[in-house]
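The values are calculated or read from the model by the stated rules, or taken from the named source; none is laboratory data. Every value quoted in this text rests on a predicted model; they were computed, and no experiment measured them. Cβ atoms come from the backbone with ideal geometry, glycine included; neighbour counts cover every protein chain shown. In case anyone asks, the SASA skips ligands and DNA or RNA and just uses the protein heavy atoms, side chains included. Shrake-Rupley method; radii C 1.70, N 1.55, O 1.52, S 1.80 Å.
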Amino acid sequence: MQDSISEVIEDTSPIFTNDTIVFGLLMVALGLIFYTASKKTGFWNSFYKIVPALFMAYLIPAVLTSTNIIAPEWTKVTDGVAEEGSTSLYYVASRYLLPAALVLMTLSMDLKAVFNLGPKALVMFFTGTVGIILGGPIAVFLIGLVSPETVGGEGADAVWRGLSTLSGSWIGGGANQAAMLEIWQFNPKSYGQMVFVDIVVANVWMAILLIGIGKAARIDKWLGADTSAIEELKDKVSSYAKKVERNPSLTDYMILGAIAFGTVGASHFGAGYLSSAFEGILSDMAPGLAKNSLTFLSSSFFWMVSITTIIGIVLSYTKARNYEGAGASKIGSIFIYILVATIGMKIDIMDIFKNPGLLSVGLVWMAIHAGLLILVAKLIKAPYFFLAVGSQANVGGAASAPIVASAFHPSLATVGVLLAVFGYAIGTLGAVLCTVMMRAVAGG
C-alpha cells in the first residue's frame, strides 16, 4: 500500500532543503555576480553592459530552482508518507530585510525633490492600473475566440471568477487578491491555478523590466523623455553622500543596525496592533463592496511598509541622514539584492510551459498592460523609470516596486513604495471593475 502511495505522490524535494544551505548558495551567487560585474574589461564588462546585475541576481536563483537544486516548496515522500516542505527565506527577506532596506535608503531622501519629479509618475501608475483593468476583459475575449473552454466554466468554477483574483493582485496586492476571492466565491480547489499564473506572468514581466534597466538610456532617448528631474535628484543625493562620506567605524555600523532593525521592530509592533484593530472594525461591517475595498487595512504587510516609510521620511529630516556617509544606502542595497534572490527562487522557468491555456490569458493580459504603458510613456515623454516603477507598483506591489526603483538609484526606492501603497488603496475597486467586464465578456 505504501508503494502505491509513493507512486501516486511525486517526490519533488530539491537537492538542498535546509534554509541555511540555500541562503549560503544565494549569497555565493550574489558574490559571484558582483565580482564579475566589477570587471572593467573583457567578457564580463561587455556582458553586464547588456544584462544588468540585478537581473542576474533574479535569474540565477530561478535557474537553481528550475534544475531542482533548491525550491520554494516541495513534497518529500519517505516510505510512502508524503511530507510538505517550504523555505522561509522569502518571508524573512520581505518582512525583515525589506523594511530595513527601505529605512536605510530613505535616510538621505529629499522629499521635496521627490515631489519635484512631477506628475508623470502618477500618470504612469494610473496608466498601469487602467492597463490591468482593461487588459483582463480584452485577454478573455481574445483567448475566448481561439479557445472558449480556457475562459469558460460554470458557477464557482467559472474562470472569470478566478481571474478576478489576478486583477486584485496585479492592481493592489495579497489583501486585495484575498478580497476578490471572497467577493466572487471562486472554487478554492482551483485557486492554485490562478496563483500559478500570477507568479509566472508577474515574474516574467519583472524580468523584462529588469533587463530594460540596462538599456534605460536608449529607451529614454526613444521615448523622447526628459530625465533631468530624476538626474538632478540622483546628483543631489550623491553629492550629499560624498559631502558626509567618512570611513565608517564599528559605532557607525551598530547605529545603522539600530536604525534599520529598530525600525523593523517598530513597524511590526505597530502593524500588529493596527491590522488587528482594523480587522475588528471590518468584522463589524456589513458584507459588501465597501467592506472588501478596505480589506487591505487589515493586512500587517501593508502597515509594516507604511510605518517603515513614514519613519524613514521623518528620519530624513534629522541628523540621522548623515549616516548616508557611513554607507546606509549600500547596506540597504545588500538587503534588496537578497530579497531579489529570494523572489527569483520562487519561479521555476519550466513552469512557463505548463498549463498554456491559462498562461496565455495572463500573458496577453500583461502584454496589454505593457503596451498601454509604452504608448502613454511615448505620448507624454515619460522616462523609463516612471514606466517600470509605475508598472511594478501595480503588478509587483510594495515588495518589488522598490527593487526596480532602487536599481535606478537607492534614493528612488521610496517612490516605488509610495506608489505601491497607493495601489493597495485602489486595488479592490479597480479589480471589481475589471471583473465585471470579464464576466460580461465571458458571458457569466
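Regarding the range 109-116, can at least one residue be identified that is buried (at least 24 other Cβ atoms within 10 Å of the Cβ) and either modelled with pLDDT under 85 or in contact with a Pro (Cβ under 8 Å, 6 or more places away or on another chain) (or both)?
Looking through the range 109-116, at least one residue is buried (at least 24 other Cβ atoms within 10 Å of the Cβ) and either modelled with pLDDT under 85 or in contact with a Pro (Cβ under 8 Å, 6 or more places away or on another chain) (or both).
Starting from the range 205-231, take each residue that is part of a helix (DSSP H, G or I) and open to solvent by less than 20 Å² (accessible area, probe 1.4 Å) and list its partners that are among the basic types (Lys, Arg) and at pLDDT 90 or above, counting only C-beta distances under 9 angstrom and pairs at least six apart or across chains.
Close Cβ pairs satisfying both conditions: Leu223/Lys378; Leu223/Lys381.
Here are some conditions: (1) open to solvent by 50 Å² or more (accessible area, probe 1.4 Å); (2) under 18 Å from the mean Cα position of the chain (by Cα). Met105 meets all but one. Which one does it not meet?
Tallying (1) open to solvent by 50 Å² or more (accessible area, probe 1.4 Å); (2) under 18 Å from the mean Cα position of the chain (by Cα), Met105 fails exactly one: (1).
Quick one: is Phe196 more than 24 Å from Ile311 (Cα to Cα), in contact with a Leu (Cβ under 9 Å, 6 or more places away or on another chain) and surrounded by fewer than 24 Cβ atoms within 10 Å (Cβ to Cβ)?
yes
Can you pull out the residues in the range 199-245 that are of a type in the set (A, V, I, L, M) and within 15 Å of Ala382 (Cα to Cα)?
Ile213, Ala216, Ala217, Ile219, Leu223, Ala225, Ala229, Ile230
Go through the range 374-385 and give me each residue that's open to solvent by less than 10 Å² (accessible area, probe 1.4 Å), under 17 Å from Val130 (Cα atoms) and part of a helix (DSSP H, G or I).
Scanning the range 374-385 gives a single hit, Ala377.
Residues being open to solvent by less than 60 Å² (accessible area, probe 1.4 Å) and in contact (Cβ under 8 Å) with a residue 60 or more places away in the chain: count how many of those fall in the range 281-296.
4
Scan Phe269, Phe278 and give me the residue that is free of Cβ contacts under 8 Å to residues at least 12 places away in the same chain and part of a helix (DSSP H, G or I).
Phe269
Is it the case, given these coordinates, that Ala407 is touching a Pro at 6+ places or on another chain (Cβ under 9 Å), open to solvent by 10 Å² or more (accessible area, probe 1.4 Å) and in a helix (DSSP H, G or I)?
yes
Which count do you get for residues in the range 318-367 that are in contact (Cβ under 8 Å) with a residue 24 or more places away in the chain and either outside any helix (DSSP H, G or I) or aromatic (Phe, Trp, Tyr) (or both)?
Adding up the residues that qualify gives 11.
Count, please, the residues in the range 1-53 that happen to be assigned to a loop (DSSP other than H, G, I, E, B) and either modelled with pLDDT of 90 or more or not aliphatic (A, V, I, L, M) (or both).
14
Looking at Ala440, Ala425, Ala388, Ala370, which is the one that is out of contact with any Pro (no Cβ under 8 Å at 6 or more places or on another chain), within 17 Å of Gly135 (Cα to Cα), in a helix (DSSP H, G or I) and among the small types (Gly, Ala, Ser)?
Ala370
Could you run through the range 296-317 and say how many residues are out of contact with any Asp or Glu (no Cβ under 8 Å at 6 or more places or on another chain), in a helix (DSSP H, G or I) and under 21 Å from Gly172 (Cα atoms)?
Within the range 296-317, residues that are out of contact with any Asp or Glu (no Cβ under 8 Å at 6 or more places or on another chain), in a helix (DSSP H, G or I) and under 21 Å from Gly172 (Cα atoms) number 13.
Inside the range 71-99, can you point out the residues that are touching a Lys or Arg at 6+ places or on another chain (Cβ under 6 Å) and not in a strand (DSSP E or B)?
Pro72
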